[in-house]
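Q: Quick one: the structure is below, questions incoming.
The values are calculated or read from the model by the stated rules, or taken from the named source; none is laboratory data. All figures in this text were calculated on a predicted structure; none of them were measured in a lab. Note that each Cβ is placed from the backbone with ideal geometry, even for glycine, and that neighbours are counted across all protein chains shown. We work out accessible area using only protein heavy atoms, side chains counted, and drop any ligands, DNA or RNA first. Shrake-Rupley method; radii C 1.70, N 1.55, O 1.52, S 1.80 Å.
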Amino acid sequence: MLISWNLLNELLEIPATLEEVVERLTLTGCEVESVDYPCERLSGVLSARIEELSPHPARKELFVATVDDGAGRELVITAAPNLSIGDVVPWGRPGTALADGTVLGVRDFDGVRSCGMLLSAEELGVPEIADEFGILKLPADTLPGEDVKRLLGLDDAVLDLSITPNRGDLLSMLGVAREVFALFPGAVWRKNPAEARPGDGASWPDDLEFRGISLEDDGCPLYCMGLVTGLKRGPSPVRIRVLLTLLGMRPISAMVDATNFAMLMLGQPTHAFDAAYLPAREITVRSARPGEEIRTLDGKDHRLESEDMLITSGGVAVAIAGVMGGENSEILDTTENVYLEAANFDALRVSRSSRRMGIPSEASYRFSRIVDARIAETTLEYIFSLLEEWGVARAGYRVLSASNLFLENRVVALTRTKLKRILLTDDIEDASAILSRLGLTEVASSEDAKSFSIPSWRPDISIEEDLIEEVGRIRGYNETLPSRLPGSLHEHGDIGRTTRLKRDIRGALISRGYVELVNYSFLSPSFVELLRLPGDDQRARPLQLANPLSAEQSMMRTTLLPGLLRSVGLAVASGWKDPVRVFELGRVFLPLEEGHEEVERVCGLAYGGRDPRLPHGPSDADDLFTLKGDIQSLAEAHGVRIEYAQGEEPFGHRGQTARLLCGGKPAGYLLRLKPSIERELDCSPLFAFELDLAPFEDPEPLRFREPDPFPPVYRDISMFVPVEVSAGEVADRIRRLGGSMLREVGLFDVYSGKGAPEGKRGLAFSLAYRLCDRTLTDEEVDSVNAAVRKGLAASGCELR
Amino acid sequence: MTSIQAELGIIERDFTEQVSAASSSEELQQVKVAFLGKKGAVTLILKKLGSLPPETRPAAGQAVNSLRDRIEAVIEDKRARLDEIESEAAERSSMVDVTLPHRGRSGGGVHPVAQLTHDVIEILAGLGFSVALGPEIEEDFYNFEALNIPQSHPARDMQDTFYFPDGSLLRTHTSPVQVRSMLRHGAPIRIVCPGRVYRRDSDPTHSPMFNQLEGLLVDRDISVADMKGCLETLMAAIFSRPLKARYRASYFPFTEPSIELDIECVECSGKNPACRICKGTGWLEVAGMGMVHPNVIRYGGIDPSIYNGFAWGIGLDRIAMLKYGLTDLRILFEGNVPYLLSGRSL
Ligand SMILES: [Zn+2]
């Protein structure tokens, strides 16, 4: 929201500098994002009268003007075709600086010396205000020798305010002036544009008489219609054009400029219909019929829905309420008579329509933030007075209106107790003074409470806390309040199991060489494809966003792996060639029969690197078992038992994929990526694991066992077993056969290759036997060990 | 001097010569055998003792034994010296280059936002706040309605939201956890909620996902002054030094009054008008906060006439950028491995 400092000072006498106002506004909730001096470099331009004007003796396209700024006459050469004797124009004598910083001097044009330049709007820095080609003409009654920069208001400062959504009342000069008035107790109103101007109430001419206004939609509680006749073509006064330009609007014509200026001043958007093109002498406000169409005045066609509100006339849509007018009744250069609408529309309806249709107009912006219902008629009167003041139309007609408006008188009480509790002050008199400067009226008072009537432009104030906020922000939170810690803040909080677990896992993986990543929680369809997830896989049916930003971010991730693959893929594509490990801790979103669940997971990915050479040889390279070691270190640190079983995953290497189980329930996978995926990503080898955190949140409690008092007795057993029999199975078999005397089974050799029978591999285990109450004899051990060997042989192991 | 004694003198002289000439443990062993072995000089002389007259035997025996002891002691001493020389040579010959890289795994990389999140949680736990977590896929009720943001509220303009076909949404802030926690635990309550939040922001300088941290305290007789103290303590702990704070009135639907906290620029402390971090203002906007709106307390099942409190939200990504000197927000979510590894010394 742009604010003119000059205009603000016309409304209000402010006992403070611009810098003080900026600081105060910023601290009290209306942040000033910037202060701009649009014509900062312009200086020294004076008004001057053209006393004589003749063609240049040598050059046909030039004129020689004799100008007088009250301090003396000089000759100035100009090429502008729009000048006549008696015009008052901006003159830059030598030494004058233009808006772009150029400093003027004396210049010779084929024997005639030009003393500076006569200036156009562009050279003054505001090309938008030009109403014709050539030199800018100043109002005819301008005295020579005036400082044009000040005269036109080009010395202005423009404040860009950031207005919070609750303060629609600040979207006007009037609103900001009210706010500044409240912020500076010494401020005095010079001119309050909201003060009603009684119209003369002339009745409407018969040929323009209106049959009526009907409100058929609750979204429009008030509709006022004014009449302007005998409109003359032409621009608005140059000072208004400058203000509109500085405040971000383009000057168009006196009529349009008057409505725009009134909106900037009072906050009420209006809409002008060309009386000659309004289909009927009536207005009906109603909801659009689904599928109904309208072409707006920017030439675009819109299909409407029933939530849109329409202004219609004779059954024809002539405007989308609060959003934009229709092309059919738009005012043009030739327009003579104008019907002028000032209405009040429901904020939500306007906001939804304008957002859906992508029309962010100045009007819809204001309506979306609630416009003061009491300002509509005032705005029409204000526009009429502008038009009459400018002498461009007759406008003193009675305003017609239709209203379903229910304006309640809101009264809110402020108590000393709550004031003290929140702001630590019990000065309720001071609070009352602050509130009354904000336009609230004290309507009841006792020692410990006061009640206030809330003005119509502050719909955001409805409860006591709102009053306290007003008092708090105007008193300021910085100096008036100490900083202290409530007594209860000295106890210790609990960071909770999940957070502690994630912290520990992070620490463990980072110390094991993993780089932590945080990826978007979205999943791209291309990764569902890359991972070859079949349609019936839960992970291939992710939750879909109804309004994604892009296809890549259209679904919620069901696995953390794609993000890691993407990151490593990008690193490799940008020239990374070293081995690298990455991990992410985060949630996946799994679809269920009914609804979904959010599951915390950890996923790790190791890439072997483009260059496999390592200083200590290939045994240092990552493989499935280094990752298994990482998983085991997490599991053991948290007392979680993970079982590994040969398994399959759509994206897993068919010979190198493990299912992970906790307490018999699936908990994740550990695998090498399918070679075809490695080829597709141009990264090989890739090892990955993904693990649910749930089992970690509920681990077996940590228990310590008494040390065994008697030494164990060891026996080794080696054998050949069929390759399809896993070492885990053989170990389990040994444990079962060994019974209670067998305490530990450790695999110490795996051998396949020369010497191993076809289809078999060698496994060698070390078995530790012991009893807890005495030392075992060799005979006892040999007899149990023989039973184990016998049992193994019976189950198809070839003992060596 | 008896002949035995003369013989012993010769043996000892020979021994001394030979032992000092021995330069390895094998040579030393040969010397030992030559004097103390079965056929060694000392052993032979012992055998001769029997042929001596009985009255001279004890003295001669003593002399031989004494020589043997001395020889043994010298050999042991020499052996220890040779062992030391030999093992030193052996160790030196198997010298390794200690400047070779270590085996296997280097330290990994810390994600700055995850690190900061944990640090902030620890700080707040010390102030009595407990962690509360909530779903990222939220119901409209908790994300908006219960936070005093009804359908018609203009504040919904501020938050463009990702929706699912069933009407649920990706939470746009961590604030829904406020009401969920109040409903679960009642008052008094002190919680902190870190987490991912989502906005449907297509602006190239914004990320559709970012990390927020919400704090909530509801108790009796809580003032704006308590909130100031709490936030200043938090900021000082995050940046490891006290920082000047500035409070600006603002607006959030779920707090009343609403305030924004600016801290002095951590880069220039307001001394550099050309500072790119604070854009010369000297201030950095770091938190939105306020006294919890009575409607929100009511939605949380708590009586606002008895309890009140404050809540705040901070953007962890932005604070991480300020704290660790990061320059690009989006790179934090794009899994840029080389970039994250560059922060190893964090
Ligand atoms: Zn700075």
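Q: Pairs of lysines 8 or more apart, or on different chains, with alpha carbons under 13 Å: count those in chain B, would you? Walk me through the numbers on the way to the answer.
A: On the way: B:LYS32/B:LYS78; B:LYS38/B:LYS47; B:LYS39/B:LYS47; B:LYS39/B:LYS48; B:LYS228/B:LYS244; B:LYS271/B:LYS279.
For chain B, the number of qualifying lysine pairs is 6.
Q: Can I ask one more? With only alpha-carbon atoms in the gyration tensor, what are the semi-axes of the equivalent ellipsoid for the range A:713-799, in Å, largest first?
A: Numbers: eigenvalues 126, 26, 24 Å².
Over the Cα atoms of the range A:713-799, the ellipsoid semi-axes are 25, 11, 11 Å.
Q: Do any cysteines in the protein assembly as shown lack another Cys Cβ under 4.7 Å, and if so which?
A: A:CYS30, A:CYS39, A:CYS115, A:CYS220, A:CYS224, A:CYS603, A:CYS662, A:CYS683, A:CYS772, A:CYS797, B:CYS193, B:CYS230
Q: A follow-up question, please. Please list, short to long, the whole-number percent of alpha-carbon pairs of the protein assembly as shown in consecutive 20 angstrom bins beginning at zero.
A: 9, 26, 27, 18, 10, 6, 3, 1, 0
Q: Sticking with this structure for a sec: What residues in the range A:158-177 lose 40 Å² or more of accessible surface when the other protein chains are added to their chain alone (1.4 Å probe)?
A: Correct list: A:PRO165, A:ASN166.
Q: Of the accessible area of the range A:206-403, with the probe set at 1.4 angstrom, what percent is carbon plus sulfur?
A: Details: 3410 of 7470 Å².
That share works out to 46 percent.
Q: Further, regarding this structure: Among all the aspartates and glutamates, which ones have a C-alpha under 16 Å from A:LYS450's C-alpha, if same-chain residues fewer than 8 places away are not counted?
A: Within the straight-line limit of under 16 Å, A:LYS450 reaches these aspartates and glutamates: A:ASP426, A:ASP427, A:GLU429, A:ASP430, A:GLU442, A:GLU464, A:GLU465, A:ASP466, A:GLU469, A:GLU470.
Q: Per the 1.4 Å probe, what fraction of the accessible area of chain B, in percent, lies on carbon and sulfur atoms?
A: Numbers: 8140 of 15500 Å².
Looking at chain B in its full context, I get 53 percent from C and S.
Q: Oh, and also: Dipole size in debye (nearest 20) for the range A:713-799 around its Cα centre, Lys and Arg Cβ +1, Asp and Glu Cβ -1? Write down the numbers at each step before the final one.
A: Details: 12 positive and 13 negative charges, 23 e Å.
In debye, rounded to 20, the range A:713-799 gives about 100.
Q: May I pose another question? So what is log10(I(q)/I(0)) for the range B:2-93 at q = 0.12, 0.24 1/Å, when the Debye sum runs over its Cα atoms only?
A: Results for the range B:2-93 at q = 0.12, 0.24 Å⁻¹ read -0.43, -1.17.
Q: Further question on the same structure: Could you name every residue in the range B:241-260 that has 30 Å² or more less accessible surface in the full protein assembly than in its own chain alone (probe 1.4 Å, ligands and nucleic acids excluded)?
A: Those are B:ARG246, B:TYR247, B:ARG248, B:ALA249, B:TYR251, B:GLU256, B:PRO257, which lose 30 Å² or more relative to the chain on its own.
Q: Another question, then. Run down the lysines and flag those whose C-alpha is under 27 Å from the C-alpha of A:LYS754, throwing out any fewer than 8 positions away in its chain.
A: A:LYS790
Q: If the range A:199-336 were replaced by its equivalent ellipsoid, with semi-axes equal to the square roots of 5 times the Cα gyration tensor eigenvalues, what would those be, largest first, whole Å?
A: On the way: eigenvalues 132, 74, 43 Å².
Working from the Cα gyration tensor, I get semi-axes of 26, 19, 15 Å.
Q: Moving on to the next point. What is the local net charge at A:GLU307, summed over the other residues whose Cβ is closer than 9 Å to its Cβ (Lys, Arg +1; Asp, Glu -1)? List each step's numbers first, then the result.
A: Working: positive: A:ARG349, A:ARG352, A:ARG356; negative: A:GLU305, A:ASP308.
Residues close to A:GLU307 contribute a combined charge of +1.
Q: Ok, one more. Are there any helices in chain B, counted as whole DSSP H runs, that stretch 18 Å or more along their axis by Cα and score at least -1.0 on average by Kyte-Doolittle, and if so which? Don't jump to the answer; show the numbers that get you there.
A: Details: long enough: B:3-21 (27 Å, -0.02); B:57-93 (53 Å, -0.86); B:112-126 (21 Å, 0.81); B:224-238 (21 Å, 1.07).
Answer set is B:3-21, B:57-93, B:112-126, B:224-238.
Q: Counting only other chains, what is the mean number of Cβ atoms within 10 angstrom of the Cβ of each residue in peptide B:113-119? Could you put the intermediate results ahead of the total?
A: Working: counts 2, 10, 4, 0, 4, 7, 0.
Neighbouring Cβ atoms belonging to other protein chains average 4 per residue here.
Q: Sticking with this structure for a sec: How large is the translational diffusion coefficient of the range A:642-800 in µm² per second when you combine the Kirkwood radius over alpha carbon pairs with Stokes-Einstein at 20 °C and 1.002 mPa s?
A: Numbers: Rh = 18.6 Å.
So the translational diffusion coefficient is about 115 µm²/s.
Q: When you take every Cα atom in the range A:46-151, what is the radius of gyration, and what is Dmax, the widest Cα pair distance, in Å?
A: Gyration radius and largest Cα-Cα distance of the range A:46-151: 12.7, 37 Å.
Q: In addition: Ballpark to the nearest 100 Å², how much total accessible area do B and A bury together, probe 1.4 Å? List each step's numbers first, then the result.
A: Details: alone 19320 and 39500 Å², together 51220 Å².
The summed interface area works out to 7600 Å².
Q: Oh, and also: Write down the Kirkwood hydrodynamic radius of the range A:478-558, to one decimal in angstroms, obtained as one divided by the mean of 1/r over all alpha carbon pairs.
A: Values: mean 1/r = 0.0576 Å⁻¹.
Computed over the range A:478-558, the radius equals 17.4 Å.
Q: Roughly what would the spin-label model give for A:ALA71 and A:ARG705, points 7 Å off Cα along C-beta, in nm?
A: 10.5
Q: Counting only protein heavy atoms and a 1.4 Å probe, tell me what percentage of the range A:612-690's accessible area is made up of carbon and sulfur. Walk me through the numbers before you get to the answer.
A: On the way: 2030 of 3910 Å².
The nonpolar share, carbon plus sulfur, comes to 52 percent.
Q: While we're looking at this one, here's another question. Under 20 Å Cα-Cα from A:LYS232, which aspartates and glutamates qualify once same-chain neighbours fewer than 8 residues away are excluded?
A: Output for A:LYS232: A:ASP131, A:GLU132, A:ASP207, A:ASP257, A:ASP274, A:GLU330, A:ASP333, A:GLU336, A:GLU341, A:GLU381, A:GLU388, A:GLU389.
Q: Sticking with this one: Please report, in whole Å³, the volume per residue of the convex hull around the C-alpha atoms of the range A:352-415. Write down the numbers at each step before the final one.
A: Numbers: hull volume 12.0 nm³, N = 64.
Spelled out: Cα convex hull of the range A:352-415, divided by residues, is 187 Å³.
Q: Quick one: plug the Kirkwood hydrodynamic radius of chain B (C-alpha pairs) into Stokes-Einstein at 25 °C, 0.890 mPa s, and report D in µm²/s.
A: Working: Rh = 27.0 Å.
It comes out at roughly 91 µm²/s.
Q: Based on the Cβ-Cβ distance from A:GLU362 to B:ARG298, what FRET efficiency comes out when R0 is 30 Å, to the nearest 0.05?
A: Details: r = 37 Å, r/R0 = 1.24.
Here the calculated transfer efficiency is 0.20.
Q: Here is a further query. Which value, in Å², gives the accessible area per residue of the range B:2-93 when a 1.4 Å probe is used on the protein heavy atoms? Walk me through the numbers on the way to the answer.
A: On the way: 5880 Å² over 92 residues.
The answer is 64 Å² per residue.
Q: Sticking with this one: Might you tell me the accessible area per residue for the range A:497-697, computed with a 1.4 Å probe and given in Å²?
A: Working: 8430 Å² over 201 residues.
That works out to 42 Å² per residue.
Q: Further question on the same structure: Tell me, what is the FRET efficiency for A:LEU771 and A:ASP732 to the nearest 0.05, using R0 = 22 angstrom and their Cβ-Cβ distance as r? Kindly include the intermediate steps, with their values, before the conclusion.
A: Working: r = 22 Å, r/R0 = 1.00.
Between A:LEU771 and A:ASP732 the formula returns 0.50.
Q: Using the Cα atoms of the range A:411-475, I'd like the radius of gyration and the largest Cα-Cα distance, Dmax, both in angstrom.
A: Every Cα atom of the range A:411-475 included, Rg and Dmax give 10.4, 30 Å.
Q: Work out how much length A:VAL103 to A:ALA694 would gain on full extension: take 0.36 nm times their residue separation and subtract the Cα-Cα distance, in nm to one decimal. Walk me through the numbers before you get to the answer.
A: Numbers: separation 591, 0.36 × 591 = 212.76 nm, distance 7.50 nm.
Full extension of this stretch gives 205.3 nm more.
Q: Specify, per residue and in Å³, the volume enclosed by the convex hull of the alpha carbon atoms belonging to the range A:497-697. The partial results should precede the final answer.
A: On the way: hull volume 26.3 nm³, N = 201.
Considering the Cα atoms of the range A:497-697, their hull volume per residue is 131 Å³.
Q: Pop the C-beta distance of A:SER574 and B:PHE239 into the FRET formula with R0 = 30 Å and round what comes out to the nearest 0.05.
A: Working: r = 33 Å, r/R0 = 1.10.
Computed FRET efficiency for A:SER574 and B:PHE239 comes out at 0.35.
Q: Fully extended, how many nm does the chain gain between A:GLU20 and A:GLU552 (0.36 nm per residue separation, minus their Cα-Cα distance)? Walk me through the numbers before you get to the answer.
A: Details: separation 532, 0.36 × 532 = 191.52 nm, distance 4.90 nm.
Computed gain between A:GLU20 and A:GLU552 is 186.6 nm.
Q: Still on this structure: Using a probe radius of 1.4 Å on heavy atoms only, what accessible surface per residue do you get for the range B:186-253? Whole Å² is fine. Each step should come with its number before you reach the end.
A: On the way: 2120 Å² over 68 residues.
Value for the range B:186-253: 31 Å² per residue.
Q: Using the reciprocal of the averaged 1/r over all distinct C-alpha pairs, how large is the Kirkwood radius of the range B:252-346 in Å? If you can, show how the numbers build up before the last one.
A: On the way: mean 1/r = 0.0626 Å⁻¹.
For the range B:252-346, inverting the mean 1/r across all distinct Cα pairs yields 16.0 Å.
Q: What order, most packed first, do the peptides A:590-597, A:514-521, A:677-684 have when packing is the mean number of other Cβ atoms within 10 Å of each residue?
A: Details: A:590-597: 11.9, A:514-521: 24.1, A:677-684: 16.0.
Result, highest mean first: A:514-521, A:677-684, A:590-597.
Q: Rounded to the nearest 20 Debye, what is the dipole magnitude of the protein assembly as shown about its Cα centre when Lys and Arg each give +1 and Asp and Glu each give -1 at the C-beta?
A: Here the protein assembly as shown has a charge dipole of around 4100 debye.
Q: Multiply the residue separation of A:ASP218 and A:VAL443 by 0.36 nm, subtract the distance between their alpha-carbon atoms, and state the gained length in nm to one decimal.
A: Numbers: separation 225, 0.36 × 225 = 81.00 nm, distance 3.14 nm.
77.9 nm is the gain from fully extending A:ASP218 to A:VAL443.
Q: Here is a further query. On the Cα set of the range A:604-687, report Rg and Dmax in Å, please.
A: Reported Rg and Dmax, both Å: 13.9, 41.
Q: While we're here: Which whole-Hz ³J(HN,Hα) couplings does the range A:586-599 yield from phi under the Karplus relation 6.51 cos²θ - 1.76 cosθ + 1.60, θ = phi - 60°, glycine and proline marked x?
A: Those phi angles translate into x, 9, 10, 10, 9, x, 10, 3, 10, x, 7, 10, 9, 10 Hz.
Q: Under unit Cβ charges (Lys, Arg +1; Asp, Glu -1), what dipole magnitude, rounded to 20 debye, does the range B:2-93 have relative to its Cα centre? Walk me through the intermediate numbers first.
A: On the way: 13 positive and 16 negative charges, 116 e Å.
Using only the charged Cβ atoms, the result is roughly 560 debye.
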